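In what follows, a structure is listed as structure tokens, so that the remarks can point back to it.
The values are calculated or read from the model by the stated rules, or taken from the named source; none is laboratory data. Note that the structure is predicted; figures quoted are calculated from it, not measured. Cβ placement follows ideal geometry from the backbone for every residue including glycine, while neighbour counts extend to all protein chains displayed.
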């Protein structure tokens, strides 16, 4: 390497989501928070100039995170020693006030440039963090998706006090505010999703060198370069980590070149950090005593391999919701289920991990005609082409879609064409109700007019647990209620 270049190793994770336990993948122990820490500290021991950053959503997804409301996660992440942590939307799952408390418990800086206290026109967090390695100053600017506002709306007083501002405007503000103290390398740590990252880069970002993203869980084999800006993500979970090898020219104070790779985190490349393993084992022992009790036994293991398809587990839970809440048909978003598979024995821990969010449940009463229109909105072409939300429904309904143009060919309710004049009770979660117009195509002007609303429960998971106490077994699921045909 020429003497004029400084070599910096930049490691990055995103959307770990409480993936703290190792997994067996083809006979190889992979991931887990202790092994991730082992990987990071191993690189730090071998390389001179190392930076490790996390682009949001470390919280939520594990029982130990929920049991300790993030305090356990902060303790584990403290041992990872990240140089910068950019806030993700799930960091606000326990409320903004609690997140500010957790920030005080963290030994690492949390950055986010676009959350503001409205009245004071003041940012809630530091907008950026400078990290110096080998005489090179790298500036990391944190940016967060608008969807975090959903969590703030559930917190009394906070919704009116806080605003999430436009990402691009905040990038410009930070660059203007730091114009007299420029960095050698400027990196956006975005938690807005790969599509938003692409739009940002396409619009032109003078002064920005790299984008390290999160939120969309995009697993990349190589950087996506748009407008001269490399965009990367490291998928989700703890089984892999992104690695930049940056080479910065000491004279021009600018990046000269780089390489990037997605590195596996498994037993073939690194061991576990014993301190992190010690902390993790203690948390697991505490939660095991509380949550390892059997709730229900199913006839088989049900799978949930993806978010944009019908799945056995999605069908099963749509049927369970319909049964528990007395719905004629229940609609469930596939992303509400976090497990890849469940059963045949289901414990309370399994239920909490698979449904990390407690949701209210609502009933919409509408005509068959309105239900048909809603289905055409739900299964429009965009739903099949990578949209964030995809719906499944209980077994009283069957929908056939043409594979070519994705138009609905047939809708059957209890085996018969839907009666346009019929009055049907349609169940949805609170998450869907809060987004009723974009998700279901139901305008606010229709509520109370063509669509009546009734709240059925405050906590769906509690209702499921009570149901399992009296229904210790479940019938096999009818798969194939949503079909695509030529």
Any chance residue 143 is at pLDDT 95 or above, farther than 20 Å from residue 246 by Cβ, surrounded by fewer than 19 Cβ atoms within 10 Å (Cβ to Cβ) and in contact with a strand residue (DSSP E or B) (Cβ under 9 Å, 6 or more places away or on another chain): no
Odd one out for residue 81, checked against (1) on the phi < 0 side of the Ramachandran plot; (2) at pLDDT 95 or above: (1)
Check on residue 39, modelled with pLDDT of 95 or more and assigned to a helix (DSSP H, G or I): yes
Scope region 404-418; condition in a strand (DSSP E or B) and under 30 Å from the mean Cα position of the chain (by Cα); matching residues: 408
Matching residues in region 324-335 - criterion: being out of contact with any helix residue (DSSP H, G or I) (no Cβ under 6 Å at 6 or more places or on another chain), at pLDDT 95 or above and assigned to a helix (DSSP H, G or I): 325
Pairs with Cβ under 8 Å, 6+ apart, first in region 405-430 and outside the structural domain of residue 395 (by TED's automatic domain parsing) and free of Cβ contacts under 8 Å to residues at least 24 places away in the same chain, second assigned to a strand (DSSP E or B) and exposed (fewer than 12 other Cβ atoms within 10 Å of the Cβ): none
Within region 347-403, tally of residues that are over 23 Å from the mean Cα position of the chain (by Cα) and in a strand (DSSP E or B): 13
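The rows are residues; the columns are (1) within 25 Å of the chain's Cα centre (by Cα); (2) buried (at least 20 other Cβ atoms within 10 Å of the Cβ); (3) in contact (Cβ under 8 Å) with a residue 40 or more places away in the chain; (4) farther than 27 Å from residue 144 by Cα.
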{"site": "215", "(1), (2), (3), (4)": "yes, yes, yes, no"}
{"site": "220", "(1), (2), (3), (4)": "yes, no, yes, no"}
{"site": "228", "(1), (2), (3), (4)": "no, no, no, no"}
{"site": "233", "(1), (2), (3), (4)": "yes, yes, yes, no"}
{"site": "242", "(1), (2), (3), (4)": "yes, yes, yes, no"}
{"site": "245", "(1), (2), (3), (4)": "no, no, yes, no"}
{"site": "254", "(1), (2), (3), (4)": "no, no, yes, no"}
{"site": "268", "(1), (2), (3), (4)": "no, no, yes, yes"}
{"site": "271", "(1), (2), (3), (4)": "no, no, yes, yes"}
Count - residues of region 148-167 that are touching a helix residue (DSSP H, G or I) at 6+ places or on another chain (Cβ under 8 Å) and either assigned to a helix (DSSP H, G or I) or at pLDDT 90 or above (or both): 8
Extreme residue, modelled with the highest pLDDT, among residues of region 55-78 that are surrounded by fewer than 24 Cβ atoms within 10 Å (Cβ to Cβ) and more than 19 Å from residue 34 (Cβ to Cβ): 69
So residue 170, is it under 22 Å from residue 229 (Cβ atoms) and either assigned to a helix (DSSP H, G or I) or at pLDDT 95 or above (or both): yes
